[in-house]
Structures are given as structure tokens and as C-alpha cells.
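Here the structure comes first, spelled out in C-alpha cells, and everything after it is commentary.
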């Protein structure tokens, strides 16, 4: 990568002062899984969520560092003194891909849809909104209580703006039917994003075509995107996806297994990109006094959970599983790239003596059997199990494996029928409340299924949801992270980047820390 | 019994078979841990959301009611709505069926093309080096997993030598033949190994038969003996075997369609199982069962043509 950056810098310097902006062409992109319905409010799987931004725009946009918001379809925004209303001024002259103008009515329609709990699984994130109204280019959002996450939410996929006219015109009895109908019809009218959907073959391929009416400008002063379009092909098998890139049949392949990263970095025809992400890999530990079968649970003792964390050599895990392409978690509740992440590095630095001391303090008998539930067919999980089994043997833990598929693991997490199981998370929202609510707040999901419950933590979380002062809010999140690290309801493992391999012809493609695939400024030179 | 009456009788007998298949698949999918509501709403959804989805999907009704609905709707040709694909199961299957049928037929043809001539060469050179080489190579083929053969072929023939495309499946018939060659060969290698072994010993057996020795003694040209007498008689057991291995070929598509990124029914089945998409799993199982039953029927009909001693009853 360094080589490439240098090369690009030299090329850029040589061709000064003005290098013509590369434009046109179609980027061929191999995906691990296909989209099924790209609609801001119905997108509930990553392959759908991560594409919403290509077809739709949000009122605000996340800044590059992820810690603030920038203008989007709204060119300015103001929060009232009491924090209970937000006023946005819409950008003039924004058109949907079919050429029809975007107006306040579209914004009201879209936000009302997004916060309707009967329609959207994400409606809860907009629970503070009382009403949305528009007057000309001015949109007012009235809140029932101040909501520190609201601006971040207006930069999140589920609040993206859809065309009311397109929905009104679509056939179908329900909103869901209309949405599916619009998607199936591949009509350009529904969004104002840099692209519109112009081809779709279930399970096989998908095409995006450039929206000629897009409002953002490129480096050459003309409208983005630079590409004519993007052609996606679904190639579920990791090895085949890489082969297609190597054979030149596609220009990019996502989700490269980390075991292949070094090999692709050495390939002169390929640029291996590792995009920073908010993805954390961790393992929930059952903290209930008794296991689901009624037997006493040795992991209920916080000292045992701490011992397992101390007894896990994170660097070694990163070495064997990720081939070095990752870093240990440094906050117990979120990835480094998340707003308010505390830097506790090293979090449970490998210390076998401490681990053994804690184990004997807790009185755990040697040979105690603990089950690690892993995903069947996952090479990463198999390696994790083998490594942990060895690492924990000196602690007297006899680690056994149970391999299940994703749906079974989800059911076990819900019912508490597990000791420890592998898991992962990527933020959907540019705010820590979502991940913290998931991992630690008991009412949401029993603290990621661990059954852990801490009154101080829960009330801090509830207070932070109303705290408008960023410093005070940050302090609350800092305390939550301290409490959580101490209690160790998780085996804290590591963060991984998004690994995407692109051909040398490709530039400017980005995958954001939230996972969104951004083709706005991508180019391909043929 | 005329063939037509026989076909009707066989089709009639399929009814209890299908009823059993429906009972088994209905119970099997529901015995798996996890359910469509959990898979659909994702791990993050609240228990109340999950319960609401269960109710909407009709999963809270008693099992007997659910099965009755499944049965009565299926009889009327309605396989329900796919939770995963958000469209009718019939539409989704009709969409994916041709490509899997194409892949399977292509594999059968390729396995015969590979196995047939080699079985003859091996049988005619029984015990000598060509026989040994052919049998060893196929033994290796039999003992390698399908996905591994697929990846090896992709790496060498497609990615390095660029003789074939790595992915895609083409639009026209010719393009399909070209694009689906590697996936079909992958499946065919395994089947052809089984067929080759069987056909070889069948040929050897027939070659030793008295009627063949008589034909030789009569001075019939070798080509005629092989074509008219040996092949026809040796094929009888091979056709049975081929029919039986259709099940294998179809389950092979689960792996090959994933490795080669072919959007057929095999890959769909995997996705449906992971998503606990009950209607889709049920619909796909019934379709696979129907295909296999039809192949068995065709096998029996073809056999009676090959060997008049076999009566249709």
C-alpha cells in the first residue's frame, strides 16, 4: 500500500498543475452477499444497509472522522435553546434521479415513514421525535425530549429521503408492497443519491447507474459521481471472489479473508485496502448464576471472567486468526473509531499469573468444563477455539466446542443456553448509544444475552440518552466503560478492518467505518 | 401393461411419497433451533418484536393447523411466500430451476462422455497399464471433496490459463455451455468415477458372456459386437446407477453453485436453511423430490427399452 501511495503521489506531482479528472466507465464489484431490498426504512441486513447511501441522501452527512455532522440535503441546521426542536433549511434545487424536485413534503413523508414502528425495525432510534413539519424550504422536527443522538440519526441510512410522489404512484396496498414494487421496477425516481438502481437479478447481480442530477460536485467542478455505473456480482465463496479479481473479471472484491491479505498485498496487479471499521469481535459470557440446564455456572463469578480475559493472549489470537491485520479491543464497549471510546489500552493485557491467581481465588476446580459455541464452517472460529483451548488449559479450564449455524447461535443467545459464544458487531449509527445499549444495557437485550445486570450502568445509560452537554455525556460513557471492563461480561477480543482488494485501475472507492460502500468519488481507468 | 398406464400408475404412487416428504420436511425445519422470526429480525430485535413477527408469519398457530395450511395450499399449487426473498416461493423457484436443471443435465452428459469411452478402454485392456492408469486416476477423483476439485479447476484453468471464465453463467445457450463447463465438470468428475467403475465391470462381464463369444465366432466385426451387444447389455446396470446418482448430483449443486457463484436452487437452499425460511425450504425440497421422482421414472422406462425382459408393472 505504501508503494501505491508513493506512486500516486509521484504521478500526481509529475502531472501538475491540473490532471484531468478520470470520468466514465463501469466498476465491476464482487460482493459476498446480495441486496434484497434497498429502502432506507426496510434495510435490515448489512448488504442492504451499506448500499442505501448510494441510492439515497440523508439531511446531514457524517464527517470524515465520524465525530460530527456536515450539511447534506439540508444546507444548515439549528437546535433550539431547550433542545426540543431542530430546524433544517433544505438545499435549493436538489432533484431526484428522475428529475423531479425534492421538497419539504418529501422530508416529512420520509421521516414519518422512518419513525413509524409498524413499518421500520429502526423506528426506536427516532423515538424522541414528536412531529415533523415543513414550510417551504424549512423543516422543523419537534421532540418530546432533548435527544443528543438526533443529529447523528439524521445522518444515518434509515432517515434518508425518498420521493413521496414515487411512493404515491407505486402500485400496492401497503407501504411494504409499494417499496418492493419500486425496487423491482428499478425506477429512477425514488432517491436523490449519486446512483439509481438500473439492474437487478435476484441472487446474481445488481447494477447502479449514475444519477445525472446529483447535487454534489467533483474535483473538476462537475457533478459527481465520476463513474457511469457500478455492476455488482454476488460471489459468496471467498476463494472464488479473489480468483475473479485475479482473472480480471471484476475490479474489486470485498471481504477478503485475512489469511489471504499478505498474498494479495504482494500481487503487483492488486491494491489491498484495509479500511478502519467499527467492527469488534468479542464473545459474550453467560453471567447467570445457573446454566440453562440448572447446573451451577462457574462463569457467574466476575473473577473467573476476568481470569479468562487475562489468560487470553490477544496478540497471539490476532496473529493466528487475522494474520496480524487487527488490534486488541481498547474499549470494552466499542471500537476505537466510535465517538467517546475510552482508550484503556491495554485492556486485560495478557498476564497468566494474574489469571491463575484469580482462578484460585474464585476456587475453580481444575478440569472445569466450559463450552465455546462457534459458527460451523467458520475458519476463524475454528482457529479461535483451538487457540483458546490451549491458552486456558493452564487455568484448569477444559474448553469444549459446540458448532452451530447463525440462526441457532442467535436463538441460544436469546435463551441463555450457552457458556461463551463467538460474536461480532459493526455500528449502524455514528453514536455510541447503539452499541452500548446492545452490549451493556439490560432492558434492550439482556446485555448481549449475557444476563449481566448492573443498576449503575443502566441508569447511566438512561441519563446519557437525555444528556445534551457533550462533555457530561462523554463522562457518563467513560464511567460505563469502567464498570463494564471490571465486570467483564465479555471475552474482549479484537477489532478488524474491512479488507477490500481492488485492481490497479480503481481509485477513490471507500468503505466507511460503519461499513457503507461509497462509490461517489470512485474511478476506474481502462 | 402399456407404458402409458404404467406412467399413470407411477405418478399415482408418487402421492403417498410426497405426503411423507411433506411431513418429514415440515417437522425437520421446525426441529432446527432458531426460527424465521429470529433470523429475519436479526439478533438485535427485542423479544416482543420477534413475537410480533411470529404471529404475522402464522408460526404461533398449532402445528396441526400450520401443516394443514401447508398441505392444502400446496395441493392448490401455492407454496407460500418466501420470507427471505420477499416474494412467492413458486416465482423464486421457477426463476432458479432452469439453471440447476441445466447444470445437472450438463453434468450427466459430461459424466457419460468421460466415463463411457474410458470404461471401454479399461475393460478392453483389462489388467494392463491403461486399465491401471484409468482406475487409479478415478480413485483419486472419488476421494477428493467436490469443492476442492472445483477450486483447483478454477485456479488453474480459469484464473491462470484463462481458458474459462471464473464466474457468471451466460445468457445464450452457447454461453451457458461455456460458462457452466467448469461447475459441471466438477460435479461430473465424481459421478463419472462411479459410472466408469460400474460400466467397466459390466462390460467385462458381458465380454465373457457366451452370446458375445458366439458373435465373435460368427465373425461379426468388433465394432458391431461392442455397439450392439456389449454396450447395450452393459448399460442396463449403469442406467440404474445413473438414475440413483441424480440425487447425488443434485446435492452436489449445493456446493458447486456456491463455489462457482451460480444462482441456482442449490445455493438458494443453503440460504433458505440459514435464514430458516420455512416456506422456501419446503418448496425447494418438494421440487427436488419431484425432480428425483421423475428421473427415477424415466430411468425405469429407459431400462425397459434396453432390456425387453424387464416388464413394466
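The values are calculated or read from the model by the stated rules, or taken from the named source; none is laboratory data. Only a predicted model underlies this, so the values are computations on that prediction, with no experimental measurement involved. Neighbour counts run over all protein chains shown; Cβ positions are idealised from the backbone, glycine included.
Summary of computed values
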{"item": "Pair list, Cβ < 8 Å and 6+ apart or interchain, from region A:178-191 residues that are within 14 Å of chain B (Cβ to nearest Cβ) to residues that are in a helix (DSSP H, G or I) and modelled with pLDDT of 90 or more", "result": "A:178/A:167; A:179/A:167; A:182/A:166; A:182/A:167; A:182/A:190"}
{"item": "Qualifying residue in region A:438-445 (condition: in the same structural domain as residue A:423 (by the TED database), under 27 Å from residue A:299 (Cβ atoms), surrounded by 15 or more Cβ atoms within 10 Å (Cβ to Cβ) and in contact (Cβ under 8 Å) with a residue 60 or more places away in the chain)", "result": "yes"}
{"item": "Among (1) under 15 Å from the mean Cα position of the chain (by Cα); (2) under 19 Å from residue A:341 (Cβ atoms); (3) surrounded by 17 or more Cβ atoms within 10 Å (Cβ to Cβ), the one test that residue A:499 misses", "result": "(2)"}
{"item": "From the options B:245, B:251, residue that is away from chain A (no Cβ under 14 Å), buried (at least 19 other Cβ atoms within 10 Å of the Cβ) and without any contact (Cβ under 8 Å) to a residue 60 or more places away in the chain", "result": "B:245"}
{"item": "Test set (1) more than 20 Å from the chain's Cα centre (by Cα); (2) modelled with pLDDT under 95; (3) surrounded by fewer than 18 Cβ atoms within 10 Å (Cβ to Cβ) - residue A:261 fails condition number", "result": "(3)"}
{"item": "Count of residues meeting criterion [touching a residue at least 60 places away in the same chain (Cβ under 8 Å), within 13 Å of chain B (Cβ to nearest Cβ) and in a helix (DSSP H, G or I)] in region A:231-263", "result": "5"}
{"item": "Top-ranked residue of region B:136-163 - restricted to ones that are in a helix (DSSP H, G or I) and over 24 Å from the mean Cα position of the chain (by Cα), ranked as nearest to residue B:207 (Cα to Cα)", "result": "B:136"}
{"item": "In region A:429-459, residue nearest to residue A:339 (Cα to Cα) [restricted to those that are within 9 Å of chain B (Cβ to nearest Cβ) and not in a helix (DSSP H, G or I)]", "result": "A:448"}
{"item": "Leading residue by the ranking (modelled with the lowest pLDDT) among those in region A:27-48 that are facing another protein chain (nearest Cβ under 9 Å) and within 13 Å of the chain's Cα centre (by Cα)", "result": "A:44"}
{"item": "Number of the exception - residue B:220 against (1) more than 22 Å from residue A:242 (Cβ to Cβ); (2) within 14 Å of chain A (Cβ to nearest Cβ); (3) not in a helix (DSSP H, G or I)", "result": "(2)"}
{"item": "Which numbered condition residue A:142 misses (of (1) out of contact with any strand residue (DSSP E or B) (no Cβ under 6 Å at 6 or more places or on another chain); (2) surrounded by fewer than 19 Cβ atoms within 10 Å (Cβ to Cβ); (3) over 28 Å from residue A:234 (Cβ atoms))", "result": "(1)"}
{"item": "Residue B:280 being modelled with pLDDT of 85 or more, touching a strand residue (DSSP E or B) at 6+ places or on another chain (Cβ under 8 Å), assigned to a helix (DSSP H, G or I) and within 14 Å of another protein chain (Cβ to nearest Cβ)", "result": "yes"}
{"item": "Some residue of region A:209-222 being more than 30 Å from residue A:180 (Cα to Cα), within 14 Å of chain B (Cβ to nearest Cβ) and surrounded by fewer than 16 Cβ atoms within 10 Å (Cβ to Cβ)", "result": "no"}
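To keep it simple, each residue is scored yes or no on (1) within 11 Å of chain A (Cβ to nearest Cβ); (2) surrounded by fewer than 16 Cβ atoms within 10 Å (Cβ to Cβ).
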{"position": "B:13", "(1), (2)": "no, yes"}
{"position": "B:30", "(1), (2)": "no, yes"}
{"position": "B:41", "(1), (2)": "yes, no"}
{"position": "B:47", "(1), (2)": "yes, yes"}
{"position": "B:74", "(1), (2)": "no, no"}
{"position": "B:80", "(1), (2)": "no, no"}
{"position": "B:89", "(1), (2)": "no, no"}
